[in-house]
Structure formats: structure tokens, C-alpha cells
Amino acid sequence: MRDPLAGLPRVTYANAAADFSALHACIDTHWPAISATLVGGEQAHLIDGRADHSGARVRIASPIDASLNLGSLPMADPGTVDRAVQAARRAAGGWRQTPPLHRAQALRRVAEALHDARLELAVAAVLEVGKSRLEALGEIEESIDLIGYYCDQLEASGGWEQVLRAGPGGESGHDRLRPYGVFAVIAPFNYPFALAIGMSAGALLGGNCVVLKPSPAAVLSAAALARVFTQAGLPPGVFNLVCGDAHTGQALASHPQVDGVAFTGSHEVGMSLLRQAAAAAFMKPVLAELGGKNAAFVTASADLDVAASGVARSAFGLSGQKCSSCSKVYVHASVRADFIERLTHVMAGLRVGDPRQAPTFTGPVIDTRAGQRFDAAVQSARLAGPATLILGGERLTGGIFDAGIYLAPTVVADLPADHDLNRRELFLPLLSLQTFDALQEAIGDSNRSTLGLTAGIYARDQAELDLFDDRIEAGVLYANRASGATTGAWPGFQTFCGWKGSGLTGKGGLGAHYVQQFMREQSRTVARR
Ligand code: NAD
């Protein structure tokens with residue numbers, strides 16, 4: 001299909017507040033036809049280049065409106081997982097021997113196919129994850145740039161092969177990075193394209209074949225993605241897809257012929273996969289990018305309008321369901337009242353609603369469990385004291401709000417430092433505001449989290465910026481951004497590395513050291529004959 005968005009401005013996470021009226025008009029025109037082709041069908045696994053329908057069928061729900069019929073997905077059992085792994089194994093020899101620069105060319109074709117399918121893919125993410133139009137389109141654009149960036153890295157390195165020093169007697173030596181074989185790629189629901197594509201592209205560029213297991217809440221997107229990979233002409237078996245839940249993921253990660261696992265998701269599941277791998281006869285790589293408990297700091301020298309915009313966008317975008325969502329804001333006592341006033345003003349302009357509609361900033365949360373977590377969180381904040389809940393706190397009702405779970409952006413203040421809501425990742429539109437007198441102490445309190453993904457600061461005082469840079473324990477830092485206090489990383493501009501419990505390898509996605517993690521080093525010495 002011709003790209004209907006050709007000639008229209010690109011959406012990135014940093015420009016989401018720009019005027020996209022022409023883009024929205026285009027989406028309005030094409031939406032009915034695209035959504036009609038996407039929904040209602042029976043999705044399938046992709047094994048060895050062919051659609052495979054094995055397994056019990058489960059209805060695909062839309063968080064926007066429980067009555068929407070998005071179709072069904074098959075749940076892969078261990079037998080289906082085994083067939084996908086065997087297909088990947090069979091393809092692994094040929095893909096490993098494909099010269100690295102040819103692998104990059106193949107992935108660049110995937111990026112082109114993604115570009116042409118941008119609108120279809122974005123519609124899938126809106127319908128099944130409840131993303132706003134701009135969040136969904138931004139994610140596809142990110143995925144395209146991400147592939148390009150990883151290809152650039154591979155091409156610049158010439159495939160990570162180098163000559164070593166000559167040894168005694170004229171021995172020659174080479175060092176090279178080589179693929180492991182077959183990677184299981186297990187992805188979460190909230191970025192159904194960027195994460196599935198990022199991990200898969202890393203594995204494929206590294207010369208591995210892939211079996212992708214997406215979240216059961218993101219199967220329309222994964223199936224659309226599988227079509228893109230097929231269309232781009234990857235050999236059968238190089239990229240495979242199995243649909244299913246935690247049981248499918250478990251069968252895949254523990255399959256004896258899987259050589260490595262790339263996982264993005266919760267800390268709990270990531271750590272369980274690591275422990276499982278460590279209990280085996282030898283350690284296979286587990287590349288895991290996990291949750292966050294991300295804080296922003298607003299000092300007395302901050303531009304409070306910029307701070308309020310950045311904090312609100314990061315706390316409530318995608319209804320708080322980003323690993324990088326801002327979940328705590330530490331505000332200097334002297335600007336607390338002014339900051340709350342501006343935050344309230346910004347929040348009033350961020351529309352919660354049906355994400356299919358143009359003006360919607362954020363839509364529903366993903367499922368009933370998220371709704372229950374919200375109710376419990378609000379209840380525990382209320383129990384902490386009558387003045388704790390300062391904004392929001394309720395489920396929205398009436399019209400589309402009765403068809404899904406739509407939550408009011410919520411701010412709680414002055415909870416005890418070690419209150420559960422200040423320590424646990426919530427993945428909800430709930431921001432905890434803490435007041436501080438000394439920035440150093442606020443940073444110290446934030447660092448007591450076992451997680452360390454992203455963090456942001458608003459300050460004009462250079463000493464405060466320097467203190468934050470020096471002390472904060474997180475892998476992705478931002479200063480003075482109106483578009484997002486803790487969110488909005490983009491390939492080539494920010495790397496995305498979780499410190500502490502937010503990641504396992506000390507190297508992040510979107511960065512220059514990512515693809516190499518899917519490869520292992522081998523040196524080769526040849527004596528002179
Ligand atoms: P999740 O951990 O529940 O599930 C992630 C994936 O793992 C899904 O495909 C799921 O089916 C599968 N899975 C669940 N249990 C499994 C098991 N025992 N064995 C194998 N596979 C299993 O996460 P989610 O709810 O889909 O996503 C939200 C989480 O992901 C949050 O914690 C968020 O912070 C994190 N996340 C992290 C990043 C990052 O880059 N660091 C990005 C996005 C999301």
C-alpha cells in the first residue's frame with residue numbers, strides 16, 4: 001500500500017505538542033479502511049515463513065472499548081514453540097553465514113517496509129494498547145530510526161572483526177564477534193513495535209535467528225510486524241513469531257535449543273529468567289531491560305512552567321504505562337505551591353479520552369488488573385492522611401469511559417518516604433509529590449530505590465545540574481525538558497540503559513553497544529606454515 005502519510009510531518013516524542021492538524025485529517029480519512037482490514041480476524045503464529053494457527057483461541061480485547069471485536073489469537077503450547085525454535089535453528093546456519101553488511105541491507109528493507117506501513121501499524125497499536133495516535137505514530141518512527149541506527153553501527157564497525165597483534169614466529173590473529181544462534185525475544189505490551197523490533201533487530205543484525213513472543217495484549221501489532229518482516233524478504237525461519245502468554249514465554253525461554261533470551265518487561269519476570277538461566281549447565285545470555293521508578297527534581301531555580309509541562313507529560317502520557325514514566329517529583333519547598341498551581345493548569349489541558357480521536361492526550365489503561373492496582377493505590381494514599389490526595393483519584397465515567405478503564409491523572413503528596421507508593425513501580429497515571437529542602441537529600445532518597453532507569457531535573461543553577469549529574473543513580477538523564485521530564489528517548493540521541501534493578505547488562509537499547517550484546521567474542525590465531 002502507498003504510504004498515506006507521505007509528505008506529512010514526522011511525529012517524534014519530543015514534538016508531540018506541535019500542530020499536527022493535517023496529519024490528523026489524513027488519519028481520519030484512512031482510519032475506517034485500515035481498521036476494517038486489521039480487526040476481527042484470526043491472527044496466527046509465523047513459523048518458517050508460514051502462518052500457523054495451532055493452539056486454543058483467545059479473544060483479543062481492546063482497552064478502549066470492551067465491546068470492540070479485534071479478533072482472536074492462538075496460544076502457542078510447548079509443541080508449537082518447539083516447531084518455531086526448530087525452524088529458527090534450521091535457518092541459523094545460512095543467516096550466520098550471510099555477510100554482516102548483507103544482514104544490514106536486509107534490515108534496512110524491513111525499515112523501509114515499516115515506513116510504508118506506518119499508518120496501519122499505528123492503528124493497530126491504538127486499538128489494542130489504547131495509545132494515542134501521536135504516541136503510536138511516534139513509536140513507529142522510533143522503530144524505523146532504531147533499525148537505521150543499529151545498521152549504522154554494524155556498518156561502521158565492518159561487522160566487528162579486527163586484526164590482532166602478530167604473535168611470536170609470525171602468528172596472525174583475528175578477533176571477531178560471532179552470533180550465538182537462536183534468540184528468544186520476549187516483549188511487553190506498552191511499546192508493541194519499538195521493543196519487539198529493537199530486540200529482534202539487535203539479534204538479527206548480530207547474525208542470530210529470532211523467535212518473538214509478544215505480549216498477548218499486543219498481538220495485532222506483532223502480526224502486522226510479522227507481515228512487514230515477510231514482505232521485506234527475510235529468508236523463512238530467520239524471524240518467527242509465537243503468540244501466547246507467560247506459559248508460552250516460559251516454554252520459549254527455557255527451550256534447550258534457544259541460545260539466548262532478550263527480554264523487556266517487569267523486574268520480577270526478568271529476574272526470574274535470569275535465575276533460571278543461571279541454574280542451567282552453562283550460562284546463556286539474558287539481556288533484560290526492566291521496570292523503573294523514575295523521579296524528577298524541581299529546584300528553586302527551575303523554570304516552573306517548563307517543569308510542570310515536562311512532569312505532567314512524563315507522568316500521564318500513555319496513562320503512566322511507560323517504563324520511563326515519571327512516578328515521583330521532588331519539589332523544593334520554596335516553589336511547591338507555585339509548581340502545584342502550574343501542574344494543575346497543565347493537567348487540565350491534557351485530555352483523557354478515546355485514543356482514536358485526534359485531541360486525546362491519553363487513553364485507557366491496559367486491563368482490569370491495572371484498574372484494581374489504581375483503586376488499591378488511591379485507597380492506600382487516602383489511608384495515609386486526608387491531605388494526601390491532591391488531584392484526581394477516581395475512575396472516569398460516562399460515554400466511552402464506561403466501555404474501558406479510564407483513570408483520572410492523579411497526584412498524591414507528602415506520603416512518608418518509604419510508603420509503598422514511593423518505592424514500587426506502579427505503571428499507572430499516579431504521581432507522588434515530595435517536598436525537599438536540600439537537593440542532595442532528595443537525590444539520596446531517590447537513589448534508595450532498587451530501580452534506576454530514568455531521571456530528570458529542572459534547574460537553572462549550574463551547581464544543581466552538576467550535583468544531579470554526579471549523584472543520581474539512573475542510566476538515562478534529562479535536564480529542563482518541556483516535552484518530558486523522564487521520557488522520550490530516541491535512537492542516536494539518547495541511549496536507554498537501566499541501572500541497578502532496571503537492567504541486567506549495563507548496556508542499553510538505542511545505543512552504540514547494544515547489537516554487540518547479541519554476539520560472543522572469538523579470537524583465532526593461525527601459525528605460519
Ligand atoms: P511483563 O513482565 O508482565 O510481561 C512481559 C512479557 O513477558 C510478556 O510477553 C509476557 O507474556 C511475558 N512473560 C510473563 N511472564 C513470563 C515468564 N514467567 N516467562 C517468560 N515470559 C513471561 O510486563 P508487561 O506488563 O507486559 O510490561 C510492563 C513492564 O515492562 C513494566 O515493568 C515496564 O517498566 C517494563 N518495561 C521496560 C522497558 C525498558 O526498556 N526498560 C520498556 C517497556 C516496558
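Bear in mind that the values in this text are calculations on the coordinates, not laboratory data. Keep in mind the model is a prediction, meaning the values are calculated, not measured. Here Cβ is always computed from backbone atoms with ideal geometry, including for glycine, and neighbour counts include all displayed protein chains.
Annotations
- Residue within region 24-43 that is surrounded by fewer than 18 Cβ atoms within 10 Å (Cβ to Cβ), charged (D, E, K, R) and assigned to a loop (DSSP other than H, G, I, E, B) present: no
- Screening PRO216 against (1) near the ligand (Cβ under 7 Å from one of its atoms); (2) touching a helix residue (DSSP H, G or I) at 6+ places or on another chain (Cβ under 6 Å) leaves a single unmet condition, (2).
- From the list THR344, THR264, THR360, the lone residue that is away from the ligand (no atom under 16 Å from the Cβ), under 30 Å from ALA17 (Cβ atoms), in contact with an Asp or Glu (Cβ under 7 Å, 6 or more places away or on another chain) and in contact (Cβ under 8 Å) with a residue 40 or more places away in the chain is THR360.
- Taking the criterion of being within 16 Å of the ligand (Cβ to nearest atom) and hydroxyl-bearing (Ser, Thr, Tyr), the only residue of region 156-194 that qualifies is TYR191.
- For region 500-529, filtering for residues that are crowded, with 19+ Cβ neighbours inside 10 Å and either more than 15 Å from the ligand (Cβ to nearest atom) or in a strand (DSSP E or B) (or both) leaves 5.
- Subset tally (residues that are within 11 Å of the ligand (Cβ to nearest atom) and part of a loop (DSSP other than H, G, I, E, B)) for region 220-254: 5
Rundown of residues vs (1) within 8 Å of the ligand (Cβ to nearest atom); (2) among the β-branched types (Val, Ile, Thr); (3) farther than 15 Å from MET199 by Cα; (4) in a loop (DSSP other than H, G, I, E, B), yes/no style:
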site: LEU274; (1), (2), (3), (4): no, no, yes, no
site: MET283; (1), (2), (3), (4): no, no, yes, yes
site: GLY292; (1), (2), (3), (4): yes, no, yes, yes
site: ASP305; (1), (2), (3), (4): no, no, yes, no
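- In summary, no strands (runs of 3 or more DSSP E) completely within region 360-447 bear 2 or more residues that are aliphatic (A, V, I, L, M) and more than 21 Å from VAL298 (Cα to Cα).
- Residue check, ALA288 out of contact with any Ser or Thr (no Cβ under 6 Å at 6 or more places or on another chain), in a helix (DSSP H, G or I) and closer than 30 Å to SER54 by Cβ: no
- Near pairs, Cβ below 6 angstrom, 6+ apart or cross-chain, from region 416-428 (within 16 Å of the ligand (Cβ to nearest atom)) to any residue that is in a loop (DSSP other than H, G, I, E, B): LEU421/LEU415; GLU425/GLY291; GLU425/LYS293; PHE427/GLN321
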